[in-house]
Every structure is written in C-alpha cells, then in structure tokens.
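K.L.:
Here it is, the structure in full.
The values are calculated or read from the model by the stated rules, or taken from the named source; none is laboratory data. Every value quoted in this text rests on a predicted model; they were computed, and no experiment measured them. Ideal geometry is used to build each Cβ from the backbone, glycine not excepted, and the neighbour counts take in all protein chains shown.
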Amino acid sequence: MNGFLPFLKKEITQTLRTYKLLILVLVLVSFAVMSPALARFTPEILQLSGIEGMIALPAPVALDSWIQFYSTTSQMGILALMLIYGGILSGEKSKGTLVLPLTHGLSRSAALLAKYLVSVGGWTVSLALAALVNHLYTLYLFPGEEVAFVLGGLASFWLCGVFLLSLVPLSSVLVKGSFGGLALPGGVLFTLLVLMIFPDLFSFNPLLLASSPLQVMAGVDEWTILLPALITSAVTSAVAVAAAMVLFRRSSL
Amino acid sequence: MIKMALLSIEGLSKSFGALQVLNNLSFEVEQGSVFGFIGKNGSGKTTTMKIIVGLLKAQSGSVHISGVPVKYGETKTNHMIGYLPDVPEYYGFFNAIEYLRLVGQIANMSPAKIKSQTSELLELVGLQDSAKRKIRGYSRGMKQRLGIAQALIHEPTLLICDEPTSALDPQGRSDLLGLLELVRQRTTVLLSTHILTDVERVCDAVGVLDGGKLALYGKLDELKAAHRRDTIVIEMESAAAAQRLAQPLLGLPFVQQVGGGGNTLTIDVHNVTANGRDVLAFLSEQDSTVRAYHVLEPSLESLYLDVIA
C-alpha cells in the first residue's frame, strides 16, 4: 500500500480542483431545493393549470417532499454520480497519468483504493448536504410535521450508491477505454432492474435500497426488511473492490 | 568491454501475441555512461524500458540493477531508477512544485529533502519561473524538462529516457540534450532514440536494437575505430593546389587512391596512423598550405545502416 496517503491527497485535490465534487453537490442540492417546493405547491400548480377537480389530491405532507427527493435523486442523481466518478480510474489508465507515480513506487492497490474512497466520499458529502437542505426546506414548508427514520432511509439509499461505485474500479480494470468504468455498473444496474420483477429475489436486490427508503420512513415496512439487500450490497461492494485490486496488480498499463 | 555494469540485461524475451518483440536480448550499461539505445520505431525499445521499470512482464530473461533483480509488480528496484516515458502525462491541475511533492512523497522522501531537491531540479531544468503555473499550460518541451526533474527527484542511479527529444522542436531538442549532458554528471543514463545525431552528441556507448536483439553494441569510439576506413581527408588552400598535388600523392608507395573535389583531397592509405604523418611530411616538402587534416570517421549513421541493412 505504498503511497496511499499522498495519492489520497492528490485524489481529494483533483475532485476539488476539477469541480467534480462541486458539480455533484450542485446537482443533488438543486434536487433538494426543488423537491419540497414541488411537493408543497403541486396542488396550487394544478389549480393554476385548470385541471383542479379532475383529480382528487390529498393535502401534501412532509413525506411527499422526501418522496419527490428520492425519486429524482435515485434516477438523475445516480446518473450524475456515475457520470462524474465513473471515469475516475479509466481516465487515468487511458491518459497514462498513473505511469509516473507507479514508477516511483506507488502501489496499484493504493491507487485504486484511494480513488474508490474519494468517489464514495464525494457521494457521501453531496448526498448529506442535499439531504440536509431537503430536511431544512421541508421543515420550513411543512412546519410542525415529523418524518420518521430520516437517517435510516438515507443510509440505505447511500449504500445503494456505494454499491454502484464499488463496481467502477473493477469495470475500469476489465474494460478498456475512457468509459470502461461505466460498463459494469451500467450492466449490473440493467440486470438488477430486470430482476426486480422476480419476487423471490426481490429482498436481496440492492436496488431495493434506493426504492424503499420512503417505505422505511413512512413506517410501512420494518427496518429489518432491508437487511438482505443491505448485506448483499455490502458484501458485493467489498468483493468487487478486492477483486479489482487483485486484477489491477496483474494488468499491464 | 564493460567494467562495472549498473544495468545488466540477460536473455530477455517478450512477445505480444504472435509478434516477437524481444528475442533473447542481452546487454549491459556501465556505471557513469550515457548509453544510446537505438532502433527503428517498433523495434522494442519502449518494451525493454518498461520491463526495466517493472511496468511490463518479460516472458523470460532477467534484469538486474546494481545486482538487484527487477521483479514485475514489485517496486524494490524503483528507487534506483528514474523514468521519463516518451510522452509523459501529468495531472494538469497541479503545478510543478505540487507534482514533484507528490512523486517525492510516493518515493518516501522526507519533506525537507523533497523541498531541497525540488528547488535544485527546477533550476537545473530551467522551470523555476514556471514552477507555480498549472502543468496543463505547459508546452511539450516544458513537460519533457519536468519529466527529467521528476525522474531525478529521488536521486536515482539510473535515468531511463524514452525518446525524450522526438516530439520537440529544434530549440527544445537542443535544450534537452544540453540538460542530459548536465545530468550525466550525477547519474548513468539509458537513452532510447532513433535520432542518431542526438546519440553522437551525448552518448558514449550504444546498442542498436534490430529484430529483438542487439545488432551493434559497444562504446561509440571503439565502434567507430573498428569500422574506420584508412582514409585521410585534406583541405588545401585552393582547388588548384589540390589538383596539382593529386598526381604526386598517388606516386607515393603507401597511397592506394586519391579522390576528392574542389580544394579537398581524399586519400586512401594502407595504415592511417603510420601513413598520415608521411602524407603531412610530403605536403610540407611540397611547400603547400594545409587548411585542414582529418581521418575520415565513420558516422553513426553509416554504422547503423550497415547493421540494419
């Protein structure tokens, strides 16, 4: 693991100076700004558009703002996350910027782990900031209402993002080209979406983590119902990163 | 021929699929020398260098640096090597000081050592005024010079440069060669190139790679001496004087042939060392002014073309 700390510092500098983190934060926070407002004012918007009365709308509650937030973030947010951090290793492989640090003795595992951790860190910071903004704005627009399990739902959603990010290094090692890092996450995402229709496998599907925070928050489901999916995601993530390290050591640059 | 080998390569073979790039390649680089590693594009120079640095794995053979074996995937020998790839790629969001700090830290140098080496090397390569500019704004020549600095930061015993001048304009090339001449005082250099004039300017030993092994190998002056033909070139004060002397020269017993044109005479003799003096003595007897006298040196180009063809 020689060179891990200096390379981690380099990765952090890179994610800041190339505006990757800033862009991700802005994207997610913009969802957080839109979601509570959209939830709160949807009846008014419909009224203005003149279709009021055609559909019976219940009065919006605080949970609606989180429903809005998660549905946007689980689609556009995850897409932005993958586009921003999907090339974190592929880019260096195809540009050749890793060659010099490697010849100075940087361990390949250290480079891979630093990159993975910084992508997870970027996801964590962006999601936390966005959730905080969403939470405060929800409190402001829906005063006096309480939403349960905010952190639990958020954590399971976070793990879904981590799961997809952990496929990026393995994909980058296996698939050549600047976008090699997106091949495996894309393929896995598609497969898991298809697998969602099989009830037997449903509870193990990592995507459940992204689709069920709302149920958890609303108290419809017990927290434990996510346990199989949580374990699947955590174990798969660890295995994928470890496999990527082993394969990266053997691959030629 | 070699006194003390800093780098020794033995029986190195490497193929990519059906393409055999290196075929039982062996050579040594003596400590303190500048070794010119010559070959056509695609002859295997970069492959050899990547194996030495540990970026590629050889199928067979061994590489030793100061007696320590190079192993693929390990970095034990890396502290002895500085490597400058043909097109070095950097993190454009760093400036030169930050980049050198990164590689210095990876090489486990102390902060104080990194600082002193950085300022010394940036001055050596002439980048001290651009040290705080982002590398993304650097020209190719500046990137090559930064490449030398990063390769030398940990004071390696062997500097490996892969075609460092091929992408540079004439000024940049001349600057870089001048830099290599300075660098040779601190470290042994292995320089790969296909520009023969560069080799003649800075190298003292050469190896010509062809068909996966060395077609020509040795010290440059020894190779030239071995391939020297016994020809003397004399420049006279005028074309008339040259013409006047051609016939009498041919009359001398040790002269085989006289040629040339204008005020130049090319004289083939039996033995250039012994007969050269006699030629000069004869010319002074003839009361003619000699402007220049030299023994025709085989150019590296002619040596190269001989072995490659």
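K.L.:
So for the stretch A:67-86 (the condition being within 27 Å of the chain's Cα centre (by Cα), assigned to a loop (DSSP other than H, G, I, E, B) and in contact (Cβ under 8 Å) with a residue 12 or more places away in the chain), does at least one residue qualify?
P.N.:
Checked the stretch A:67-86: at least one residue is within 27 Å of the chain's Cα centre (by Cα), assigned to a loop (DSSP other than H, G, I, E, B) and in contact (Cβ under 8 Å) with a residue 12 or more places away in the chain.
K.L.:
In the stretch B:70-101, which residue that is assigned to a helix (DSSP H, G or I) and aliphatic (A, V, I, L, M) is nearest to B:SER15 (Cα to Cα)? Steps first, please.
P.N.:
First, pick out the residues of the stretch B:70-101 that are assigned to a helix (DSSP H, G or I): B:78-80, B:96-101.
Keeping just the survivors that are aliphatic (A, V, I, L, M) gives B:80, B:96-97, B:100.
Working: B:MET80: 27, B:ALA96: 37, B:ILE97: 39, B:LEU100: 34 Å.
Out of the qualifying residues, it is B:MET80.
K.L.:
On the basis of being touching a residue at least 40 places away in the same chain (Cβ under 8 Å) and either polar (S, T, N, Q) or away from chain B (no Cβ under 14 Å) (or both), does A:SER203 make the cut?
P.N.:
Details: touching a residue at least 40 places away in the same chain (Cβ under 8 Å): no; either polar (S, T, N, Q) or away from chain B (no Cβ under 14 Å) (or both): yes.
Criteria not met by A:SER203.
K.L.:
Another question about this same structure. Which condition number in (1) surrounded by 21 or more Cβ atoms within 10 Å (Cβ to Cβ); (2) under 27 Å from B:GLU10 (Cβ atoms); (3) touching a Gly at 6+ places or on another chain (Cβ under 8 Å) is the one that B:LEU190 fails?
P.N.:
Single failed check for B:LEU190: (3).
K.L.:
Can you find, within the stretch B:182-195, the residue that is nearest to B:THR47 (Cα to Cα) among those that are of a type outside the set (Val, Ile, Thr) and either in a loop (DSSP other than H, G, I, E, B) or modelled with pLDDT of 90 or more (or both)?
P.N.:
B:SER192
K.L.:
Ok, one more. Select from the stretch A:185-210 the residues that are modelled with pLDDT under 85, of a type outside the set (A, V, I, L, M, F, W, C) and in a helix (DSSP H, G or I) and list them in ascending order.
P.N.:
A:PRO199, A:ASP200
K.L.:
Answer yes or no: is there a residue in the stretch B:30-47 that is closer than 20 Å to B:LEU216 by Cβ, touching a residue at least 24 places away in the same chain (Cβ under 8 Å) and of a type in the set (Phe, Trp, Tyr).
P.N.:
Yes, because at least one residue in the stretch B:30-47 is closer than 20 Å to B:LEU216 by Cβ, touching a residue at least 24 places away in the same chain (Cβ under 8 Å) and of a type in the set (Phe, Trp, Tyr).
K.L.:
When you check A:ILE12 against the structure, is it crowded, with 20+ Cβ neighbours inside 10 Å, hydrophobic (A, V, I, L, M, F, W, C), over 30 Å from A:GLY144 (Cα atoms) and away from chain B (no Cβ under 11 Å), yes or no?
P.N.:
no
K.L.:
Then there's this: I'd like the full set of residues that are among the acidic types (Asp, Glu) and either surrounded by 16 or more Cβ atoms within 10 Å (Cβ to Cβ) or assigned to a loop (DSSP other than H, G, I, E, B) (or both), limited to the stretch B:162-181. Can you show your working first?
P.N.:
As a first pass, look at the stretch B:162-181 and keep what is among the acidic types (Asp, Glu): B:162-163, B:169, B:175, B:181.
Scanning the stretch B:162-181 gives B:ASP162, B:GLU163, B:ASP169, B:ASP175.
K.L.:
Pairs under 9 Å by beta carbon, first residue more than 7 Å from chain B (Cβ to nearest Cβ) in the stretch A:94-109, partner of a type in the set (Asp, Glu), six or more apart or different chains?
P.N.:
Short answer, once both residue conditions are applied: A:LEU98/A:GLU92; A:LEU98/B:GLU89.
K.L.:
Right, here's the next one. Among the residues of the stretch B:113-121, are any within 19 Å of A:LYS10 (Cβ to Cβ) and part of a loop (DSSP other than H, G, I, E, B)?
P.N.:
Checked the stretch B:113-121: no residue is within 19 Å of A:LYS10 (Cβ to Cβ) and part of a loop (DSSP other than H, G, I, E, B).
K.L.:
I need the full set of residues from the stretch B:129-161 which are touching a strand residue (DSSP E or B) at 6+ places or on another chain (Cβ under 7 Å), among the basic types (Lys, Arg) and part of a helix (DSSP H, G or I), in order please.
P.N.:
Listed by number, the list is empty, since nothing qualifies.
K.L.:
Name the residues in the stretch B:77-100 that are of a type in the set (D, E, K, R) and more than 9 Å from every other protein chain (Cβ to nearest Cβ), would you?
P.N.:
Once the filter is applied, which keeps residues that are of a type in the set (D, E, K, R) and more than 9 Å from every other protein chain (Cβ to nearest Cβ), the stretch B:77-100 yields only B:ASP86.
K.L.:
Does B:ILE153 satisfy the condition of being closer than 26 Å to B:LEU56 by Cβ, at pLDDT 95 or above and within 13 Å of another protein chain (Cβ to nearest Cβ)?
P.N.:
Here the answer is yes, as B:ILE153 does meet what is asked.
K.L.:
Moving on to the next point. Looking at this structure, is A:ALA130 modelled with pLDDT under 95, in contact with a helix residue (DSSP H, G or I) (Cβ under 8 Å, 6 or more places away or on another chain) and among the hydrophobic types (A, V, I, L, M, F, W, C)?
P.N.:
It is false that A:ALA130 is modelled with pLDDT under 95, in contact with a helix residue (DSSP H, G or I) (Cβ under 8 Å, 6 or more places away or on another chain) and among the hydrophobic types (A, V, I, L, M, F, W, C).
K.L.:
Can you name every residue in the stretch B:32-71 that is surrounded by fewer than 16 Cβ atoms within 10 Å (Cβ to Cβ) and either of a type in the set (Val, Ile, Thr) or within 14 Å of chain A (Cβ to nearest Cβ) (or both)?
P.N.:
Of everything in the stretch B:32-71, those that are surrounded by fewer than 16 Cβ atoms within 10 Å (Cβ to Cβ) and either of a type in the set (Val, Ile, Thr) or within 14 Å of chain A (Cβ to nearest Cβ) (or both) turn out to be B:LYS57, B:GLN59, B:VAL68, B:LYS71.
K.L.:
Here's another thing I want to ask about it. Restricting the stretch B:31-69 to residues that are in a strand (DSSP E or B) and among the small types (Gly, Ala, Ser), which is farthest from the chain's Cα centre (by Cα)?
P.N.:
Just the residues of the stretch B:31-69 that are in a strand (DSSP E or B), to begin with: B:34-39, B:60-65, B:68-69.
The next check asks that each one be among the small types (Gly, Ala, Ser); those that pass are B:36, B:39, B:60-62.
On the way: B:GLY36: 3, B:GLY39: 11, B:SER60: 26, B:GLY61: 24, B:SER62: 23 Å.
Across the stretch B:31-69, the extreme among qualifying residues is B:SER60.
K.L.:
Is it the case, given these coordinates, that B:LEU152 is touching a residue at least 40 places away in the same chain (Cβ under 8 Å) and in the same structural domain as B:ILE106 (by TED's automatic domain parsing)? Show your work before the answer.
P.N.:
Working: touching a residue at least 40 places away in the same chain (Cβ under 8 Å): yes; in the same structural domain as B:ILE106 (by TED's automatic domain parsing): yes.
Yes.
K.L.:
Only one of these conditions is not met by B:GLY104: (1) facing another protein chain (nearest Cβ under 9 Å); (2) under 21 Å from A:LYS95 (Cβ atoms); (3) assigned to a helix (DSSP H, G or I); (4) of a type outside the set (Ser, Thr, Tyr). Which number is it?
P.N.:
(2)
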